[in-house]
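K.L.:
I am attaching a structure below and will ask some questions about it afterwards.
The values are calculated or read from the model by the stated rules, or taken from the named source; none is laboratory data. None of these values were measured; they are calculated from a predicted model. We place every Cβ from the backbone using ideal geometry, glycine too, and count neighbours over all the protein chains shown. Surface accessibility is based on the protein's heavy atoms, side chains included, excluding ligands, DNA and RNA. Shrake-Rupley method; radii C 1.70, N 1.55, O 1.52, S 1.80 Å.
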Amino acid sequence: MSFLQEGKYFIFHDIRLPWKKEFSYQIDTLISQHYALILEIKNIAGTLFFDRPINQLIRIINEKEEGFPDPILQAKRHKLQLSKWLEENGFKRLPVEYLIIISNPSTIIKNASTTPYVNKISHSADLINKISDFEKVYRPILLQPKEIKKLNKLLLRADSTEGSDILPLYSLVPSDLLTGAQCRYCSHLPLIRSHGTWICTKCNIKDKEAHLQGLEDFMLLFQKKLSSSDLCRFLHLSSRHTALRIIKSLKISK
């Protein structure tokens, strides 16, 4: 996507939008003044067969067959959902397209030429060419600069990615996690805190900022407000005052 002309597209990675109040769906999408493009990106190695009669993706690797959900069906469903969202937010006139992007360059797509959706399936190297084809089809400017900025804000406001709880998604509970500050040099954990410095008992490296990655991990894993007691548990700190000093040093809002 770095080859796209700067300022021509708004790029949304893994944006999660609401659907029917209690559900949500996650997409990668590009928004321009002319159209919206949904990208279903699949990183699947091996040889792929798109079996259209039964709507299934079949992968053959190491002489074994494996079935996957049909990404074309998934993309068509997301197109319907995004179109509905655009309509509800006053952007009904913006058409929505989709592409299935195979990101692994060594993946072989066997029967793409026989499927009616051949133009919707592509390796990532061909993405810019596919976008150029869409630009030839969707020439009229449908959104003015102010409108596309408004749409950008609405999409970011609607995005619920940061509120998602990742542990249940992978059938994990907090006790499954390895906690503690981690050594940035040998990956050992937990580090020992002594006189304002983290010390690795494996490689003896001293690091004053080893807690920063731990804090980022905490926020990504738990998506919750951070308390001093949370910090003590997660970084194996024995003193609540030490935890408070670390929090104050971050200069974040209370």
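K.L.:
Please compute the length gained on full extension between E88 and K76, using 0.36 nm multiplied by the number of residues separating them and subtracting their Cα-Cα distance.
P.N.:
Contour length minus the Cα-Cα distance gives 2.5 nm.
K.L.:
Starting from the 7 Å offset along Cα-to-Cβ, what nm value, one decimal, do you get for the label separation of F134 and L177?
P.N.:
3.6 nm
K.L.:
Just to confirm the filter: which GluC sites (Glu not before Pro) across the stretch 45-74 are DSSP coil and have at most 14 other Cβ within 10 angstrom of their Cβ? Let's see the in-between values first.
P.N.:
Details: sites: E63, E65, E66; in loops: E63.
Passing sites in the stretch 45-74 are E63.
K.L.:
Still on this structure, please answer the following. For the chain, with a Gaussian network of springs between Cα atoms less than 10 Å apart, report the residue from I100, I128, I205 with the top mean-square fluctuation.
P.N.:
Maximum fluctuation in the GNM of the chain, among the listed residues, is at I205.
K.L.:
So, R0 is 45 Å and r is the distance between the beta-carbons of Q56 and D230; what FRET efficiency does that work out to, to 0.05?
P.N.:
Details: r = 44 Å, r/R0 = 0.98.
Efficiency at R0 = 45 Å is approximately 0.50.
K.L.:
Further, regarding this structure: With every protein chain in place, what's the accessible area of H211 (1.4 Å probe, Å², nearest 10)?
P.N.:
Accessible area, nearest 10 Å²: 10 Å².
K.L.:
Continuing with this model, one more query. If the cut-off is 14 Å between C-alpha atoms, which aspartates and glutamates fall inside it for K136, apart from same-chain ones fewer than 8 positions away?
P.N.:
Within reach: E97.
K.L.:
Cβ under 15 Å from T201's Cβ, T201 left aside: what net charge do those residues give with Lys, Arg +1 and Asp, Glu -1?
P.N.:
+3
K.L.:
Shifting gears a bit: State the answer as a single residue: which of L155, N55, N129 lies farthest towards the positive end of the charge dipole of the chain, with beta carbon charges of +1 for Lys and Arg and -1 for Asp and Glu, about the Cα centre.
P.N.:
L155
K.L.:
Using the Cα centre of the chain as the reference point, and only Cβ charges (+1 on K/R, -1 on D/E), how large is the resulting charge dipole? Debye, rounded to the nearest 20.
P.N.:
The calculation lands at about 1000 debye.
K.L.:
Can you list the trypsin sites (Lys or Arg not before Pro) in the stretch 44-97 that are in a DSSP coil and have 14 or fewer other beta carbons within 10 angstrom?
P.N.:
The qualifying sites are K92, R93.
K.L.:
Keeping all protein chains in place and using 1.4 angstrom, which order do E88, E40, E135 fall into by accessible surface area, from largest down?
P.N.:
These residues rank, largest area first, as E88, E135, E40.
K.L.:
Another question, then. Which net charge results when you count Lys and Arg as +1 and Asp and Glu as -1 among the other residues whose beta-carbon is under 12 Å from that of G67?
P.N.:
Numbers: positive: R59, K64; negative: D51, E65, E66, D70.
Charge balance near G67 sits at -2.
K.L.:
Moving on. Run the numbers for H123 and I252: contour at 0.36 nm per residue of separation, minus the present Cα-Cα distance, in nm. Could you put the intermediate results ahead of the total?
P.N.:
Numbers: separation 129, 0.36 × 129 = 46.44 nm, distance 4.25 nm.
Additional length available on full extension: 42.2 nm.
K.L.:
S187 accessible area, nearest 10 Å², 1.4 Å probe?
P.N.:
70 Å²
K.L.:
Moving on to the next point. Less than 9 Å Cβ to Cβ from T47, Lys/Arg counted +1 and Asp/Glu -1: what total charge do the surrounding residues give?
P.N.:
Details: positive: R59, K110; negative: none.
Spelling it out: positives minus negatives among the neighbours equals +2.
K.L.:
What is the distance, in nm, between label points placed 7 Å from the Cα along the Cα-to-Cβ direction at I192 and at R157?
P.N.:
In this crude spin-label approximation the distance works out to 5.3 nm.
K.L.:
Can you tell me the orientation of helix 240-249 relative to the chain, as the angle in degrees between its alpha-carbon axis and the longest Cα principal axis, to the nearest 10?
P.N.:
In the chain, helix 240-249 runs at an angle near 50 degrees to the longest axis.
K.L.:
Note the listed values [x] 1.14; [y] 0.98; [z] 1.29, then indicate which one is Cα Rg over 2.2 N^0.38 Å calculated from this particular structure.
P.N.:
Of the labelled values, this structure produces [z].
K.L.:
Jot down the per residue volume, in cubic angstrom and as a whole number, of the convex hull over the alpha-carbon atoms of the stretch 63-135.
P.N.:
About 113 Å³ per residue, rounded to a whole number.
K.L.:
Do any of K84/K225; K8/K76; K76/K146; K92/K254 go past 31 Å between their Cα atoms, and which?
P.N.:
K84/K225; K92/K254
K.L.:
So, one more: Under the classification rounded if a/c is under 1.5, otherwise prolate if a/b is larger than b/c and oblate if not, where does the stretch 54-198 fall, given a ≥ b ≥ c as square roots of the Cα gyration tensor eigenvalues?
P.N.:
In terms of gyration-tensor shape, oblate.
K.L.:
Can you give the accessible area of Y117 in Å² (nearest 10), computed on protein heavy atoms with a 1.4 Å probe?
P.N.:
Rounded to the nearest 10, that gives 50 Å².
K.L.:
Stretch L220-R184 to full length: gain in nm at 0.36 nm per residue minus the Cα-Cα span?
P.N.:
11.1 nm
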